[in-house]
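**Q** Quick one: the structure is below, questions incoming.
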2 protein chains.
Amino acid sequence: MQEMKQLHAIFTRTEAGIKSFRNMIQPLIDHAVDEHTKLYYHHISEEEEQRLERLEDLIPRLQKLHSVDYLEQVSDRELSHLLSDLHLERFGLHNFREHLELALYEFKADTERQQLNEMREHTQQDYLHMKEIMAKLSEKFSDAIPIKGNLHDHDHGHDIHQVDHFHASSTSSASVGNSSSQQNTSATTFPSNEKKGLTVGSLRHLSS
Amino acid sequence: MQEMKQLHAIFTRTEAGIKSFRNMIQPLIDHAVDEHTKLYYHHISEEEEQRLERLEDLIPRLQKLHSVDYLEQVSDRELSHLLSDLHLERFGLHNFREHLELALYEFKADTERQQLNEMREHTQQDYLHMKEIMAKLSEKFSDAIPIKGNLHDHDHGHDIHQVDHFHASSTSSASVGNSSSQQNTSATTFPSNEKKGLTVGSLRHLSS
């Protein structure tokens, strides 16, 4: 079954991505300069660890479903379970993309930034592709199995995804360095001070 | 069934907690001073929105299972689905506690800090209670339904949960103010500079 092959490829790729990403951020946890930073990256790493455990269960099940012959033997219960898990992992891809975008504000070396950005782009493509696959599966199985939840992408009401975070993060150090000459022109309730452009990610690199 | 009543109470409480928490952090998204900060709180809010949607599906199912008579009519498929969802929501409680701890580094007003800390304490109690309930359910249904995953709490290998983040976050402004007199004595690969103690949360309050 074509969709299962495509999903298997998507989740095999993101499984490798989780492992690379967790390895990249582990030093940030081990050598964090304060408790907030430590908790921040520890939290992200743990969420991806939880996702990895779920994928280690899901990927072999998708592999079995490559075969059309086998699919005919799948029970309604198994299919319902699978579709429910796929629904969850669609959000998992979305959240992983955001974890990668957040990390772009931390890493300044070109090699690491390139690696993060490639993972981010692949994850975004996989996320969009998966939405299409889920729509097909929903149509295919709608008579037999109700698909839990809906297909909206949680991007409603926010303009955050219109931002090129790869670009924004690359200029964050510069804007920090020049922060006293930059004015925040938007309405804000936060106290204004000359360091207002700083973030967890940019701080590490103030001296670089 | 006693366990279902207890779980229903836990998830009804955390459902209200999600709504309060998302309302508290929405202004941080609306008035963020930079793209990184905006993405950071947007991401946390979205993850809790995803959890809220799952709980809106789960809570009515738990309510139905209050009645022992009804439980006898529950199919293996339904029970398997329920246990799988409960396994996921145990991690949801754990992650929510960490979202609350991260937010404590942002909020400085006593009222808001107290509210966040109470939610954090309730969430931690609910998380520990849920682990006990899951162990009981695992034993009760082990013959009929295999319970997916394991019961470890993802806290292994980290000392992050030994930290009193309520206390740590309350002193972060002070430590920022005195950062030039504080030395980081742990081995670190990060460039050292006098602003090294700063975080997203503490920066907003440098001038206060």
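**Q** Does the stretch A:126-147 hold any residues that are over 14 Å from A:Glu3 (Cβ atoms) and at pLDDT 85 or above, and which are they?
**A** Correct list: A:Tyr127, A:Leu128.
**Q** Still on this structure, I have one more. Could you tell me which residue of the stretch A:1-32 is surrounded by the fewest Cβ atoms within 10 Å (Cβ to Cβ), considering only residues that are free of Cβ contacts under 8 Å to residues at least 24 places away in the same chain and either outside any helix (DSSP H, G or I) or among the aromatic types (Phe, Trp, Tyr) (or both)?
**A** Per the criteria, the residue is A:His31.
**Q** Among the residues of the stretch B:94-111, what is the count of those that are away from every other protein chain (no Cβ under 13 Å) and within 16 Å of B:Asn23 (Cα to Cα)?
**A** Residues in the stretch B:94-111 being away from every other protein chain (no Cβ under 13 Å) and within 16 Å of B:Asn23 (Cα to Cα): 1 in total.
**Q** Tell me, which residue of the stretch A:70-89 that is closer than 26 Å to A:Leu128 by Cα and facing another protein chain (nearest Cβ under 10 Å) is farthest from the chain's Cα centre (by Cα)?
**A** If we take residues in the stretch A:70-89 being closer than 26 Å to A:Leu128 by Cα and facing another protein chain (nearest Cβ under 10 Å), then A:Glu78 is farthest from the chain's Cα centre (by Cα).
**Q** Anything in the stretch A:66-117 that is surrounded by fewer than 19 Cβ atoms within 10 Å (Cβ to Cβ), assigned to a loop (DSSP other than H, G, I, E, B) and hydroxyl-bearing (Ser, Thr, Tyr)? List them, or say none.
**A** The answer is A:Ser67, A:Ser75.
**Q** To continue, here is another question. Taking the options A:Thr123, A:Thr185, A:Thr199, name whichever one is modelled with pLDDT under 70, among the β-branched types (Val, Ile, Thr) and buried (at least 17 other Cβ atoms within 10 Å of the Cβ).
**A** A:Thr199
**Q** Of all residues in the stretch A:68-110 being small (Gly, Ala, Ser) and without any contact (Cβ under 8 Å) to a residue 24 or more places away in the chain, which is nearest to A:His165 (Cα to Cα)?
**A** Among those that are small (Gly, Ala, Ser) and without any contact (Cβ under 8 Å) to a residue 24 or more places away in the chain, it is A:Ala109.
**Q** For residues in the stretch B:34-51 being within 7 Å of another protein chain (Cβ to nearest Cβ) and without any contact (Cβ under 8 Å) to a residue 24 or more places away in the chain, which is surrounded by the fewest Cβ atoms within 10 Å (Cβ to Cβ)?
**A** B:Gln50
The values are calculated or read from the model by the stated rules, or taken from the named source; none is laboratory data. This is a predicted model, so every value here is computed, not measured. Positions of Cβ are backbone-derived with ideal geometry, glycine not excepted, and every protein chain shown enters the neighbour counts.
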